[in-house]
Structure formats: structure tokens, C-alpha cells
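**Student:** Mind looking over this structure? Questions follow.
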Amino acid sequence: MKKEFALAFNEVLDDKQLSRDIILGALEAALVSAYRKTVNASTAQEINAKINERTGDVEIYAEKEVVEDVQDERTEVTLERARQFDANAKLGDVVIVETTPENFGRVAAQAARQMIQQRIREAERDAQKAHFSTLVGEVVNGVVQASNPHMITVGMDRKAEGKMPRSQQIPGERFRVHDRVRALLLEVKDTTRGPEIILSRAHRDFLRRLLEDEVPEIYQGLVEIRSIAREPGYRSKVAVSALQAGIDPVGACVGIRGVRIQAIVRELHDEKIDVIEWNSDPSQFIAKALSPARVTGVYLDEEVSGSKTATVVVPEDQLSLAIGRDGQNARLAAKLTSWRIDIKSLTEAASDAVHRAQTDAAFLEQNADIAETLPQLEAVLAKKAEGRPVTPEEYTLLSRFVDRIERGAQYRREAEVDAEREKRAAVETTLPKAAFDIPLDDLGLSPSLSIKISGEGFSTIGDLMLQLKLDPDRILSINGVGPKAVEDIQAAIDNFKFPEVQAEPEPVVVPEPEPVAKVVTPEPEVVKPAEKTVEEPIKLSEEDEKLLAEMQAGPVQKAPTPTKSVEEIFAQTEKKLLGRKRRFPTSTPRPVEPTAEEKKKKKKKPREFDYDPDTDTTVIKRREDWEEE
């Protein structure tokens, strides 16, 4: 029994890929249910089942009352039997005792088979859901198990099955049974039959994950994917930017000789991918987003309401390339940049600019140079309309004229938008601040009217009040809203009581303590002796008069000392040195001057040396030889 149970138990663990506790819990719950059906026990009675993993034995414990005489073995037990499990049991107590019926293992296996399978299946589904819920948004691998025109069934890990509807497949891509496939785990739905896993190969995040796998710079965070616009199976546009200086984001995504991007193209069934560099300037970003078309100029028009439109001017030969097949290139560029793009050819934009300049008399008065060039521009446009060739200089003239007109119009629109925003901000300050935090449903309008207004972007009472102050006709233009509805709205706003906003307490200014007056002790006055006034002149002596005269005359200038020559200075110094008497300590004897003979012996004879290069020797010359020379 032990060996058979262990083998069966381990086989279930390996097959279902579930934890040991889950399988044991399912078996015990099934055994409890089987016991209840076998003995017809009440659901209010507590019953537990325990399985010994080493021996495989099954034990059932039930809650019973301790009595002297057992009338019903299902709910009653004797005192002796109860004290085997609880030594402190008394009559009338309720204890849990073992009540395993005979041959319960075989009977329970037959009765609880279906329940055990159901519990294990439920645990398996819960484990699948918990596992794949953490993988939402990631790329997973699988094997095609079935394919039909509407859906592909993919076998995955943990014996799960993923579904890929036709809308999430790349157009023109076909899979056969047993083909390996990579897809994005898009969603995990909870159904009565277990988790439903939806896969996608057409989602733009699938392209994002492929780029992260193929480009290490993106995975490491050195290059960031700003936005992706994709039409699966045809063309995609990816805007990337570098987060570190010195990195080329486009080159990193393309790879050497296009190795990296070509691997992604093959995975996406030869889908074309345009990688462009993101730019914070919308004009430059839109111009790059329309690649491979060459753009002449981009002119922006951003309204207060939030709508953004860009007018793009391209040369005649680039118009079809900028629009793309069935407008695909322009559509992808609009999705990538989040701007509405209006593409015009150069001649079309020039014709519109000429018409706009001719109808604006004030503009022509302020710009006399443009009025002078209008006839020339009209002649170029007429030549183009007749099909005659236009020179490059004339194209340059048209381009400059269009750029000047469009730039001026763009600056005027920006000034109007700034003025409108200032006006909006001024009106907003007059409204209660709490109105912008209260939902529109609290105003008390009819449900139909509230739905119509909220569908136009008015989510709070403050937004509605602001629009009524700025332009009430904007509310009247809503489909299904008339003058009577506007009156009801105004009446509801007038009767609505906004919560009072407690003003912020003003900061308490603590007054500075007044300076304490210091007691200054008056200092005693010092009586100065009165100065003596000399009434009579003082009589000076003769010596004092001489001294006073010398002081008034200034210092006495001495005659300059005559300078001595160098010979006189040396002679005077030598005399002082020779005439000085030397004094020695008493302990040392006085030196004895040498005699004339000693001086003669010590006198060195003059010598001269001569080098002989032939013999490589040095010869000492005598004085006689000096004289001969």
C-alpha cells in the first residue's frame, strides 16, 4: 500500500505540476465528502480526514458527543472511547474522535474519484491563472495545436492553451500544426472553464518587446522607445531617443548592416519598419515621421481646446511618397506624433498663400515687398498649371513665399491662443474652486442631458460654468441641447450650493518685543584746567633765537662726500687688514714665521705641459725652452 500510494501520488504531482499541499488538500476534501455520503452525516458536524504519506492509510475524525449509552454511532461516543483522544473528556462534552469505517479506502476511492478529479482540476486552473497573470505584456512561446480561419490554438507551459483570434494575427501569415510561434500575452480572462489566455502578434507592444530582445541598448535603458505606430503586416514607425550622450539611437536599433532590424522584420512576416529619432520640437519630429518623404516646411496650429493640426508642405515629386499607399504613411505619422497632419504640395500651398495675401488688404499695405512679388508668383503658378517647366529658382521663390505667409499665420494663431488662455484663466478665478472638483452628476440635471453634456468633455460643474461664461453657444451646439436646456442648466447652477472653502489661516505675526530702556548713569564731568592766555610776548634769549632761526630754515645740507676710485678702496682695505693685530688664545703657541730659505724651498717652479699626438705622451717644458720659443 505504501509503495503504490507513493507512486500514484508522485505521478499526480509530476503530471499536474501542482504543489504537494494542494494535492493532499484535494484528497482530504474528497474523502470527507465521501464519508458524509457513506454514513449520511450532517453538514453541521465537523469532519476531518488525514492521509499518512508514508503508509497511505486514511483516517477520518468526526465530532461526537460523550454519552453513557450510545444510541447513534454517527454523533455519539462513550466516555471510555472519548478519553482515548481527550483525557479530560466528561459526559456531555463534544470531542473529535476517529471514526474510520471498515473498507473505507476502497469505497471512498470509488465514491470520491470524480470529486478528486474536480478539485485537482480547479487547483490546476488557479495555478495557471496565477502564473500567466504575471506574464501579461511579455512574449511567450508555444506550439500550434489547431488552426482554423477564425482562431489559432497554441499549447503553452503548464498544459495551458492560448488563443489567438484572427484580429490579433498578422495579415497574410499562416501557421500549421506543430509550428512554433512567439506571441505577446495580451490578456488573461477568468471563465467558468478556467483561464482564457489571449495571444497577439498584431499588437504594437509585440514589436516593442522584440526590439528590447534584439537591441541591448534598449534593454539596458540607454535608448528609450518614445512611441510606436503600427499597421501589422505592412509598415511600422518607431520613434527612439538616446538617454546617454554619444549614443546613436537609430544606429543602435538598426545594427551593423541592418542585422538587428532584419531579424525583427523576418519575425513580423517581412513587415517594413521605419526607425526615426525622436525630437522635442514638434515641427522637426513631424518632418522626420513622414520619412522617407522630403519635407519643405511644417506649420503648427494648436488650439485651446487641445486639438493639434500640422500643415506640411512637400515638393511636387514627394507628395505621393509623403501620403503613402492609401494614406498609410501619413496615417502612421499622425499616430506616432499625436498630431493631425494636413499634407499639401508646394504649388497648392503657394496658390492658397497668394489667395490669402490678395484678400487681406491690410497685410499687403504692411508688406509692400510681397505686393510687388505677387505678379511674379502668379506667373509661376500659371506656368505650372499649363504644364510648362518651372526652374529651380522659381521653386525656391514659391517656397520662400509660402514659408513667410505660413510663419506669419502661425505666429498670429499662437498670439490668439495665448490671449484666449489668459482670458480663460481670468474667468476661472471668478468661479468657486470647489466647482472643478464636483462631478457633473451632482448638479441634478436629467440623466439624458447629463450624458449629452459629459460626452462633450465636460466632467465637472466648473467646466460647464466656465464654458457658459466664455461661450454659451458652445453648449447650444451640442446635439439635443436647446435654449430651454441651457436655462435649466443655468437655474441648476444658480440653485446649487457650493461647499464653503475654509480660508487658510493667516500666519500669526508675533510682535517683536519693545526694546527695554537702559538706565544710563551720567558720567562725572571732568573739570579741565582753564588755558592760560598769554597777553604779553615772551622774551627769548639769543641762543633760543638762533635755534628758532635754524628750525625755520630747515635741515642743514651737508656737502656731498667725494667718491673714491676702486684702487683707493682696495688699498684702504688692504691697509686695514695688514695693520690689524691678530689675537690667539693663551693655550695655543704663537706661530713662528718661516725663514727665507724655507720660503725658497717651498716656492714651486713654474711648469708648462705639451701634448705630443704622435707618441700619445705629455712632455713637461723647462723655462729655457720657454725663452727659446
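The values are calculated or read from the model by the stated rules, or taken from the named source; none is laboratory data. Only a predicted model underlies this, so the values are computations on that prediction, with no experimental measurement involved. We place every Cβ from the backbone using ideal geometry, glycine too, and count neighbours over all the protein chains shown.
**Student:** For Leu398, state whether it is at pLDDT 90 or above, assigned to a helix (DSSP H, G or I) and more than 23 Å from Ser305 (Cβ to Cβ).
**Tutor:** Working: at pLDDT 90 or above: yes; assigned to a helix (DSSP H, G or I): yes; more than 23 Å from Ser305 (Cβ to Cβ): yes.
For Leu398, the condition - at pLDDT 90 or above, assigned to a helix (DSSP H, G or I) and more than 23 Å from Ser305 (Cβ to Cβ) - is met.
Yes or no, residue by residue, for (1) modelled with pLDDT of 95 or more; (2) in contact with a helix residue (DSSP H, G or I) (Cβ under 9 Å, 6 or more places away or on another chain); (3) on the phi < 0 side of the Ramachandran plot:
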residue: Pro282; (1), (2), (3): no, yes, yes
residue: Gly306; (1), (2), (3): no, no, no
residue: Thr309; (1), (2), (3): no, no, yes
residue: Asp317; (1), (2), (3): no, no, yes
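**Student:** Same structure again: Are any residues in segment 333-350 in a strand (DSSP E or B) and of a type in the set (A, V, I, L, M), and if so, which ones?
**Tutor:** Our first condition is that a residue be in a strand (DSSP E or B); within segment 333-350, this holds for 340-345.
Once the filter is applied, which keeps residues that are in a strand (DSSP E or B) and of a type in the set (A, V, I, L, M), segment 333-350 yields Ile341, Ile343.
**Student:** So, in segment 164-203, how many residues would count as being closer than 17 Å to Arg230 by Cβ and of a type in the set (Asp, Glu)?
**Tutor:** 1
**Student:** Looking at segment 37-49, I want the residues that are touching a residue at least 12 places away in the same chain (Cβ under 8 Å) and have a partner that is part of a loop (DSSP other than H, G, I, E, B) with Cβ atoms under 6 Å, at least 6 apart or on another chain. Which pairs are those?
**Tutor:** Val39/Arg74; Ala41/Arg74
**Student:** Right, another one. What is the number of the single condition among (1) touching a Leu at 6+ places or on another chain (Cβ under 7 Å); (2) more than 24 Å from Lys163 (Cβ to Cβ); (3) among the hydroxyl-bearing types (Ser, Thr, Tyr) that Ser200 does not meet?
**Tutor:** (2)
**Student:** Residues in segment 100-107: is at least one modelled with pLDDT under 85 and touching a Pro at 6+ places or on another chain (Cβ under 9 Å)? Even if it seems obvious, please write down each step before you answer.
**Tutor:** At the first step, the residues of segment 100-107 found to be modelled with pLDDT under 85 are 100-107.
Checking the rest, the ones that are also touching a Pro at 6+ places or on another chain (Cβ under 9 Å) come to 107.
Among the residues of segment 100-107, at least one is modelled with pLDDT under 85 and touching a Pro at 6+ places or on another chain (Cβ under 9 Å), which makes the answer yes.
**Student:** Name the single residue, out of those in segment 1-12 being closer than 19 Å to Ala49 by Cβ and of a type in the set (A, V, I, L, M, F, W, C), that is modelled with the highest pLDDT.
**Tutor:** Looking at the filtered set, the residue picked out is Val12.
**Student:** Which ones in segment 427-461 are surrounded by fewer than 13 Cβ atoms within 10 Å (Cβ to Cβ), under 34 Å from the mean Cα position of the chain (by Cα) and over 20 Å from Phe498 (Cβ atoms)?
**Tutor:** Gly455, Gly457
**Student:** Go through segment 211-230 and give me each residue that's under 14 Å from Leu268 (Cα atoms) and crowded, with 20+ Cβ neighbours inside 10 Å.
**Tutor:** Correct list: Leu211, Arg230.
Listed here are the residues, each with its yes/no results for (1) charged (D, E, K, R); (2) more than 23 Å from Ala130 (Cα to Cα); (3) touching an Asp or Glu at 6+ places or on another chain (Cβ under 6 Å).
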residue	(1), (2), (3)
Val181	no, no, no
Leu186	no, no, no
Lys189	yes, no, yes
Ile198	no, no, yes
Arg208	yes, yes, no
Glu212	yes, yes, no
Gln220	no, yes, no
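**Student:** Continuing with this model, one more query. Tell me, which helices (runs of 4 or more DSSP H) wholly within segment 213-273 include 2 or more residues that are closer than 23 Å to Leu290 by Cα? It would help to see each step written out before you state the result.
**Tutor:** Details: elements: 216-220, 249-254, 259-267.
So the answer is 249-254, 259-267.
**Student:** Condition (residue is part of a helix (DSSP H, G or I) and of a type in the set (S, T, N, Q)) applied to segment 354-361: is it met by at least one residue?
**Tutor:** At the first step, the residues of segment 354-361 found to be part of a helix (DSSP H, G or I) are 354-359, 361.
So of that shortlist, the ones also of a type in the set (S, T, N, Q) come out as 358-359.
Yes.
**Student:** Residue check, Pro101 against (1) part of a loop (DSSP other than H, G, I, E, B); (2) without any contact (Cβ under 8 Å) to a residue 60 or more places away in the chain, all met but one. Which one?
**Tutor:** Result: Pro101 fails condition (2) only.
**Student:** In addition: Scan segment 155-168 and give yes if some residue there is of a type in the set (S, T, N, Q), over 30 Å from Trp339 (Cβ atoms) and at pLDDT below 95, otherwise no.
**Tutor:** Residues of segment 155-168 that are of a type in the set (S, T, N, Q), as a first pass: 167-168.
Still in the list and also over 30 Å from Trp339 (Cβ atoms): none.
No, there is no match, as no residue in segment 155-168 is of a type in the set (S, T, N, Q), over 30 Å from Trp339 (Cβ atoms) and at pLDDT below 95.
**Student:** Which residues, counting only those in segment 154-195, are surrounded by fewer than 20 Cβ atoms within 10 Å (Cβ to Cβ), free of Cβ contacts under 8 Å to residues at least 60 places away in the same chain and among the β-branched types (Val, Ile, Thr)?
**Tutor:** Correct list: Val177, Val181, Thr191, Thr192.
Rundown of residues vs (1) assigned by TED's automatic domain parsing to the domain that holds Val312; (2) in contact (Cβ under 8 Å) with a residue 12 or more places away in the chain, yes/no style:
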{"site": "Gly387", "(1), (2)": "yes, no"}
{"site": "Val402", "(1), (2)": "yes, yes"}
{"site": "Arg407", "(1), (2)": "yes, yes"}
{"site": "Arg413", "(1), (2)": "yes, yes"}
{"site": "Ala426", "(1), (2)": "no, no"}
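**Student:** Select, from Glu73, Glu46, the only residue that is among the acidic types (Asp, Glu), touching a helix residue (DSSP H, G or I) at 6+ places or on another chain (Cβ under 9 Å) and closer than 28 Å to Ala26 by Cα.
**Tutor:** On the way: Glu46 fails: touching a helix residue (DSSP H, G or I) at 6+ places or on another chain (Cβ under 9 Å).
Of Glu73, Glu46, the one residue that is among the acidic types (Asp, Glu), touching a helix residue (DSSP H, G or I) at 6+ places or on another chain (Cβ under 9 Å) and closer than 28 Å to Ala26 by Cα is Glu73.
**Student:** In segment 231-264, which residue that is polar (S, T, N, Q) and over 27 Å from Arg325 (Cβ atoms) is surrounded by the fewest Cβ atoms within 10 Å (Cβ to Cβ)?
**Tutor:** Step one: list which residues in segment 231-264 are polar (S, T, N, Q), which gives 236, 241, 244, 262.
Narrowing the set further to residues that are over 27 Å from Arg325 (Cβ atoms) leaves 241, 244.
Working: Ser241: 15, Gln244: 11.
Going through the qualifying residues, I end up with Gln244.
**Student:** With respect to Gly142, is the statement that it is more than 23 Å from Lys272 (Cα to Cα) and either in contact with a Leu (Cβ under 8 Å, 6 or more places away or on another chain) or not in a strand (DSSP E or B) (or both) true? Before you say what the answer is, go through the steps one by one.
**Tutor:** Values: more than 23 Å from Lys272 (Cα to Cα): yes; either in contact with a Leu (Cβ under 8 Å, 6 or more places away or on another chain) or not in a strand (DSSP E or B) (or both): yes.
When the stated conditions are applied, Gly142 passes them.
**Student:** At least 3 residues that are touching a residue at least 12 places away in the same chain (Cβ under 8 Å) in each: list the helices (runs of 4 or more DSSP H) lying fully within segment 436-502 that qualify.
**Tutor:** Values: elements: 447-454, 461-470, 472-476, 483-495.
In segment 436-502, 447-454, 461-470, 483-495 are the helices (runs of 4 or more DSSP H) which contain 3 or more residues that are touching a residue at least 12 places away in the same chain (Cβ under 8 Å).
**Student:** Being part of a strand (DSSP E or B) and more than 16 Å from Gln145 (Cβ to Cβ) is the filter here; which residues of segment 176-193 pass it?
**Tutor:** First, pick out the residues of segment 176-193 that are part of a strand (DSSP E or B): 180-191.
The answer is Leu184, Leu185, Leu186, Glu187, Val188, Lys189, Asp190, Thr191.
**Student:** Would you confirm whether any residue within segment 275-294 is touching a Leu at 6+ places or on another chain (Cβ under 6 Å), assigned to a loop (DSSP other than H, G, I, E, B) and surrounded by 19 or more Cβ atoms within 10 Å (Cβ to Cβ)?
**Tutor:** Yes, that holds for at least one residue.
**Student:** So Asp301 passes all but one of these: (1) assigned to a loop (DSSP other than H, G, I, E, B); (2) within 30 Å of Asp471 (Cβ to Cβ). Which condition number does it fail?
**Tutor:** The number of the failed condition is (1).
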